[in-house]
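To start, the structure under review is shown below, and the notes come after it.
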Amino acid sequence: MCVAQLAGARVSAGVDPEYRVKAEFIERFTQFVSWPNEAFATQNAPFVLCVAGQNPFGDYLDELIKARTFNLRRGQLRVIRIPGDLDGCHVLFIAASERGRLGALVSNAARKPILTVGDSSGYGRAGVLVNFYIHERNVRFEINLSAVKLSGLKFNSKLLKLARIVEPGVSR
Amino acid sequence: MKRSLSIRTRLTLVIFTGVLISLVAAVAVTAGYELRSLRHEFLAGGRLLGRMVSEYAAVDMAFEDREEAATTLGKLENRDDIRYAALYTIDGVQFASYGQPLLRATAGPLSPLPTLAIDGDLLRVYYPVVHAGTRFGTLDLGLSTAGLRARTRARVLSTVVVALAIAGLALVLAVWLQRLISRPILDLTATVRKIAEEGNYTVRASAPRADEIGELADGFNSMMEEVARQRDQADHAIRARDEFLSVASHELNTPLTSLKLGLQSLALESDGLDARRMRFLTIATKQAERLERLVAELLDVTRLRRGTMQLALAPTDLVELATDIGTRLAPDLERSKSRLEVEHEGAVVGEWDRSRLDQVITNLLFNAIKFGEGKPIVVAISAAAGRARVVVRDHGRGIPPERIARVFEAYERGVSSAHYGGLGLGLFIVRSVVERHGGTVRAENMPDGGAAFTVELPLSLPSR
């Protein structure tokens, strides 16, 4: 992993380097994805990053959110306990532990401008927009294009260049 | 040096310089502008390339995909002027590369601003890799400047060729244009030279023109008309004078002959005359002789002018002749108190008209007596190389310098007529007779005072 090379990363002790990279990637996704204006209640509304399930980032994500801006907005971390409680989320990280509630979370987030980010094999096919996987010890991601189209989010084509594209129900 | 250049050369130079300076200035400005824009275009191309590659590689750096970054840079192989390309992280670590990257310059890759620098045969473009305000690293591109240099060379070469062509054109133009001005001037000059050299006063400046040179030619022609008119008048006046003199001298000669005969008859019967009447007869005879000399002079001039004087050539000794004349003029010499000396080294004999040469030496001696102020007069006679030389030298006041050139002209005199008598024909007759004998005569003032008249005669007339 190349955590040390990433811009602005503050190394927190005790966090798995893989998850530091993933936290950085989540921040980078927000640079290559555009949210519609309706996704924000007001001009100054914060950019809300939600985490469903067991937080694997430790303090790292919290510190990163405090240190950075997201689409010129300040960031806010929210922990999701009930799958239906997704209003206001702009990014939803679904931890590997949430496989049981995955269907509910995906259907609640579907057709909304919420960038769902999965961290487990098969999440992409299940309707999560972006799903991490490991390829030759590097963190990579797949994108479910059909789900992206339904979400109303705009993905920068450069992002697609790096991703593995998955179709719903079928892994390519 | 400059002054010796002809009008034609000067005009050509002026026109050539003027045309050349303006045209070369125009070419130089254009070429300078083109070279600048050529370089500007090249730099702009490098900057655009840097911007495109860095934008395209931003996502690769954002998500740390080295393979994809290498693929991205690999697409640059389509352009063979790109020597290398490399991506560096903001910490200065190489992220991906294409070709053989140079060791990066210290400031370049880390600079957050695009930097372009020509480094030998390379244009190095450092372009920040940025997306959405976050800088992920820097692109380092090396572009060959060979293309730019080749185009610059071609442009400079074509400019030099154009400049040379322009210089040639300017020269042709200058040579052609100068004629517009110089030709009429040269034509006029040629006309003036023709008049001066040939003495042909009927020549006129040709080609009427409406410009200043035309005015000059018109003025010149009017001037020539006036000159011709005055020459005609003068010729006419001279002819009328000669005609008058011819008639007058002949008309005077007839009664003079009767008068002389009468006086001679009277002298033959003078035995009964008293002293007083005898003195009147002597005076009358003397004045009649003087009148006869004057009339003879006039007749001679008339003959000389008409060219009807005949020479009676016979062996003549100049020394004997000069001695005779000296004896005959003894009373005049005595009266003027001048002493005459004839210098010679023996007889100088030639085929000449004795009576005419008598006239020559007599006239020269009269002259010397008249202006000699009572000082000694020397006649030196010598011969050398087939020519005889007679120098008549006085020690008087000399000839006024402004008149010396004209003393042999008819009716000219060395001094004003108020103080000295005579018709002013003596030296004219001298020159005319000497020239009829094929000789020369000249007058000069001597350094120690007085004038010297030198006559040179061939010992015999060249056979005609």
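Observations on the model:
- Search result, residues across the range B:134-190 that are farther than 25 Å from B:R39 by Cα, of a type in the set (D, E, K, R) and assigned to a strand (DSSP E or B): B:R135
- Any hit, the range B:16-35, residues being touching a residue at least 60 places away in the same chain (Cβ under 8 Å) and closer than 30 Å to B:A86 by Cβ: no
- If you go through the range B:284-316 and keep only what is of a type in the set (S, T, N, Q), in contact (Cβ under 8 Å) with a residue 40 or more places away in the chain and over 27 Å from B:I377 (Cβ atoms), you end up with just B:T302.
- Residue match in the range B:94-113 (condition: at pLDDT 90 or above, open to solvent by less than 60 Å² (accessible area, probe 1.4 Å) and away from chain A (no Cβ under 14 Å)): yes
- In the range B:400-417 there is no residue that is more than 20 Å from B:A296 (Cα to Cα), at pLDDT 90 or above and among the basic types (K, R).
- Scan of the range B:335-346 for residues that are within 16 Å of B:D394 (Cβ to Cβ) and either open to solvent by less than 40 Å² (accessible area, probe 1.4 Å) or outside any strand (DSSP E or B) (or both), ordered by number: B:R335, B:S336, B:K337, B:S338, B:R339
- Residue check for B:S22: within 29 Å of B:G147 (Cβ to Cβ), among the small types (G, A, S) and either more than 14 Å from every other protein chain (Cβ to nearest Cβ) or open to solvent by 70 Å² or more (accessible area, probe 1.4 Å) (or both): no
- Residue tally, condition buried (at least 16 other Cβ atoms within 10 Å of the Cβ) and under 13 Å from B:I181 (Cβ atoms), over the range B:7-19: 4
- Identity of the residue in the range B:217-239, small (G, A, S) and either open to solvent by less than 50 Å² (accessible area, probe 1.4 Å) or in contact with a strand residue (DSSP E or B) (Cβ under 9 Å, 6 or more places away or on another chain) (or both), that ends up modelled with the highest pLDDT: B:A234
- Figure legend. Inter-residue proximity from the range A:151-167: first residues more than 9 Å from chain B (Cβ to nearest Cβ) and of a type in the set (D, E, K, R), second residues open to solvent by 20 Å² or more (accessible area, probe 1.4 Å) and part of a strand (DSSP E or B), beta-carbon distance below 8 Å, spacing 6+ or different chains. Indicated pairs: A:K154/A:S34; A:R164/A:Y133; A:R164/A:R140.
- Taking the listed residues B:A69, B:A62, B:A44, the one that is aliphatic (A, V, I, L, M), open to solvent by less than 70 Å² (accessible area, probe 1.4 Å) and away from chain A (no Cβ under 14 Å) is B:A44, with no other qualifying.
- Residue, most open to solvent (accessible area, probe 1.4 Å), within the range A:42-63, restricted to residues that are touching a strand residue (DSSP E or B) at 6+ places or on another chain (Cβ under 6 Å) and more than 14 Å from every other protein chain (Cβ to nearest Cβ): A:D62
- Single unsatisfied condition, B:V301 versus (1) surrounded by fewer than 18 Cβ atoms within 10 Å (Cβ to Cβ); (2) within 49 Å of the chain's Cα centre (by Cα): (1)
- Filter pass, B:L281 being part of a helix (DSSP H, G or I) and at pLDDT below 85: no
- Cβ-Cβ under 9 Å pairs, at least 6 apart or on other chains, the range A:134-146 side touching a residue at least 60 places away in the same chain (Cβ under 8 Å) and within 12 Å of chain B (Cβ to nearest Cβ), far side open to solvent by 10 Å² or more (accessible area, probe 1.4 Å) and of a type in the set (S, T, Y): A:V139/A:Y133; A:F141/A:Y133
- Restricting B:A117, B:A86 to residues that are closer than 30 Å to A:F132 by Cα and in contact with a strand residue (DSSP E or B) (Cβ under 6 Å, 6 or more places away or on another chain) narrows the list to B:A86.
- A single member of A:L105, A:L115 is open to solvent by less than 10 Å² (accessible area, probe 1.4 Å), in contact with a Ser or Thr (Cβ under 8 Å, 6 or more places away or on another chain), under 15 Å from A:T30 (Cα atoms) and away from every other protein chain (no Cβ under 14 Å), and it is A:L115.
- Restricting attention to the range B:47-59, the residues that are open to solvent by less than 10 Å² (accessible area, probe 1.4 Å) and either away from every other protein chain (no Cβ under 13 Å) or at pLDDT 95 or above (or both) total 1.
- Close Cβ contacts (under 8 Å, 6 or more residues apart or on different chains) running from residues in the range B:317-346 that are within 22 Å of B:F371 (Cβ to Cβ) to residues that are among the acidic types (D, E) and open to solvent by less than 70 Å² (accessible area, probe 1.4 Å) comprise B:I325/B:D358; B:S338/B:D394.
- Count of the range B:19-66 residues which are assigned to a loop (DSSP other than H, G, I, E, B) and hydrophobic (A, V, I, L, M, F, W, C): 1
- Filtering the range B:438-450 to residues that are surrounded by 20 or more Cβ atoms within 10 Å (Cβ to Cβ) and modelled with pLDDT of 90 or more leaves B:G439, B:V441, B:A443.
- Close pairs (8 angstrom Cβ cut-off, 6 or more residues apart or separate chains): in contact (Cβ under 8 Å) with a residue 12 or more places away in the chain in the range A:81-101, basic (K, R) anywhere: A:P83/A:R101; A:L86/A:K112; A:G88/A:R78; A:C89/A:R78
- Unmet requirement for B:A96, which otherwise passes all of (1) part of a helix (DSSP H, G or I); (2) small (G, A, S); (3) without any contact (Cβ under 8 Å) to a residue 40 or more places away in the chain: (1)
- Of all residues in the range B:72-92 being assigned to a helix (DSSP H, G or I) and either open to solvent by 40 Å² or more (accessible area, probe 1.4 Å) or aromatic (F, W, Y) (or both), the one that is farthest from B:G147 (Cα to Cα): B:K75
- Considering only residues in the range A:23-41 that are within 9 Å of the chain's Cα centre (by Cα) and farther than 14 Å from B:M61 by Cα, the one that is nearest to the other protein chains (Cβ to nearest Cβ) turns out to be A:T30.
- One residue from A:R140, A:R125 being basic (K, R), in a loop (DSSP other than H, G, I, E, B) and open to solvent by 20 Å² or more (accessible area, probe 1.4 Å): A:R125
- Residue count for the range B:125-178 satisfying the condition of being open to solvent by 40 Å² or more (accessible area, probe 1.4 Å) and either within 14 Å of chain A (Cβ to nearest Cβ) or out of contact with any Asp or Glu (no Cβ under 9 Å at 6 or more places or on another chain) (or both): 24.
- Condition met for B:S37 (surrounded by 15 or more Cβ atoms within 10 Å (Cβ to Cβ), on the phi < 0 side of the Ramachandran plot and modelled with pLDDT of 90 or more): no
The values are calculated or read from the model by the stated rules, or taken from the named source; none is laboratory data. For clarity, every value in this text was computed on a predicted model and none was experimentally measured. Neighbour counts run over all protein chains shown; Cβ positions are idealised from the backbone, glycine included. Keep in mind that these areas ignore ligands, DNA and RNA; they rest on the heavy atoms of the full protein, side chains included. Shrake-Rupley method; radii C 1.70, N 1.55, O 1.52, S 1.80 Å.
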